[in-house]
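Just below is one structure, and these are the notes that go with it.
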Amino acid sequence: MNPPLQKHIMAFKVPNTPDELLSMGSRGFNRLSRWIPYLVIALIIGMICLTSFYTIDPDEVGVIRQFGKYARTTQPGLHWKIPLGVEALNKVKVTRVFKEEFGFRTGTPGVNTTYSNRNFDEESIMLTGDLNSLDVSWIVQYKISDPVKYLFTLRNPEQTLRDLSESGMRQEIGDSSFSEALTVRRIEIDHNTQERLQAILDHYDVGIRIELVKLQDVNPPDPVKPSFNEVNEAKQEKEKVINQAFEAYNKLIPKARGEAEQVIRSAEGYALARVKRAQGDASQFTQTWDAYKSSRDVTRRRMYLETLREVLPKAGKVYVFDPKAGSILPLLNLTSEKQ
């Protein structure tokens, strides 16, 4: 056998006794113990680097706590803090609009949004001012206006916001009747709830700004929906009949009023014409009488001629015979068109 190869084989010879095995382990541990200080130093350096440097995204700020107490706020970018747990970091999204849902939960948002099938009646069933029940779902959108107050004022600001939102909405629904909450007061309920919620949060000074409170669905509870639909259909039918009656009324009454006004105006015009004609006849008679008194023969002849001018056109054809004619039988020329 080649001597170098025999040397290597003897170096990797499997120990046959415990003493040989212990001797080999001691030699390996001695070689490893020389690297332990370097490994510890490298581990410490790595932990310092990992816990010292951090990055803040553009839509957030960093809140640094030193032994649990607020120390400073850092803006977006790369920063350094005291490592090994002396200073801790909380990243807070200050430009994002957060949303809390009540009465429903969104499962998967997107083009085809899916919703949770869980029942949320404990937060959505409310009592109206006229002692009826409604199933109300709504959303609250908010931003974090002060990250320090948001982190240190309340233990659980999200749950506090949900409790206050539910309380404000129940108060507004309780101040409304069943029909008002379903129809005309929805925008007012949104506005009043948002103002009340913001006022309470400002009083607590929690660093939250409410952006929107919006009712999503306001419906009767499921057990009474069939009855409610029947009542609603009856109301719609009633409104339909009333509207049809008003339509017929608006067609007939103005027409009748117009016809009556027309008859009245015609009668007034006829009366005025008769009065004016009578006044004219009276004035003419008076003038004729005055003229007759001053010149009776002339006036009598003029009246005679005026009467003939008025009567003769109504008489048709007029045949005039000469009383001095000498023939026994007067001859009438029937061939001529005008006599």
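Arrange TYR142, TYR249 by Cβ neighbour counts within 10 Å, fewest through most, would you?
TYR249, TYR142
Determine, for LEU154, LEU215, LEU131, the number of other Cβ atoms within 10 Å of each Cβ, and report the residues in order from fewest to most.
LEU131, LEU154, LEU215
Please give me the summed charge of the neighbours of TYR249: other residues whose Cβ is under 13 Å from its Cβ, Lys and Arg +1, Asp and Glu -1.
Here the charged neighbours net out to +2.
If we count other beta carbons within 10 Å of each Cβ, what is the order of HIS79, HIS203, HIS191, fewest first?
In increasing order of surrounding Cβ atoms, one gets HIS203, HIS191, HIS79.
If you keep only loop residues by DSSP, which trypsin sites (Lys or Arg not before Pro) in the stretch 81-116 have at most 13 other Cβ atoms within 10 Å of their Cβ?
Answer by residue number: ARG96, ARG105.
Counting only pairs 8 or more places apart or on different chains, how many lysine pairs in the stretch 225-311 have C-alpha atoms closer than 24 Å?
The number of close lysine pairs in the stretch 225-311 is 6.
The stretch 158-206 to the stretch 48-124: how many Å between their Cα centroids?
26
Among 218-228, 155-165, how do they line up by average Cβ neighbours within 10 Å per residue, starting with the highest?
In decreasing order of mean packing, 218-228, 155-165 become 155-165, 218-228.
Test of understanding: what is the full-extension gain from ARG96 to TRP289, defined as 0.36 nm times their sequence separation minus their Cα-Cα distance?
58.8 nm
Quick one: what are the phi-derived ³J(HN,Hα) couplings along the stretch 52-66, Karplus 6.51/-1.76/1.60 with θ = phi - 60°, whole Hz, x for glycine and proline?
Couplings: 9, 9, 8, 10, 10, 6, x, 9, 9, 10, x, 10, 9, 10, 10 Hz.
Give the average over all directions of the projected area of the C-alpha convex hull of the stretch 98-219, one decimal, in nm².
8.0
Regarding the stretch 225-311, what's the average projected area of the Cα-atom convex hull, expressed in nm²?
Projected area, direction-averaged: 8.6 nm².
What number comes out for the charge environment of ILE48, summing +1 per Lys or Arg and -1 per Asp or Glu over other residues with Cβ under 15 Å away?
0
In debye to the nearest 20, how big a dipole does the stretch 194-312 give about its Cα centre with +1 on each Lys and Arg Cβ and -1 on each Asp and Glu Cβ?
It comes to approximately 1520 debye.
Once the other residues with Cβ under 12 Å from the Cβ of LYS214 are scored (Lys, Arg +1; Asp, Glu -1), what is the net sum?
-3
None of the figures in this text is laboratory data; all of them are computed from the coordinates on show. Small disclaimer: the values here were computed from a predicted structure and weren't measured. Neighbour counts are summed over all protein chains in view; Cβ atoms, including those assigned to glycine, are modelled from backbone coordinates with ideal geometry.
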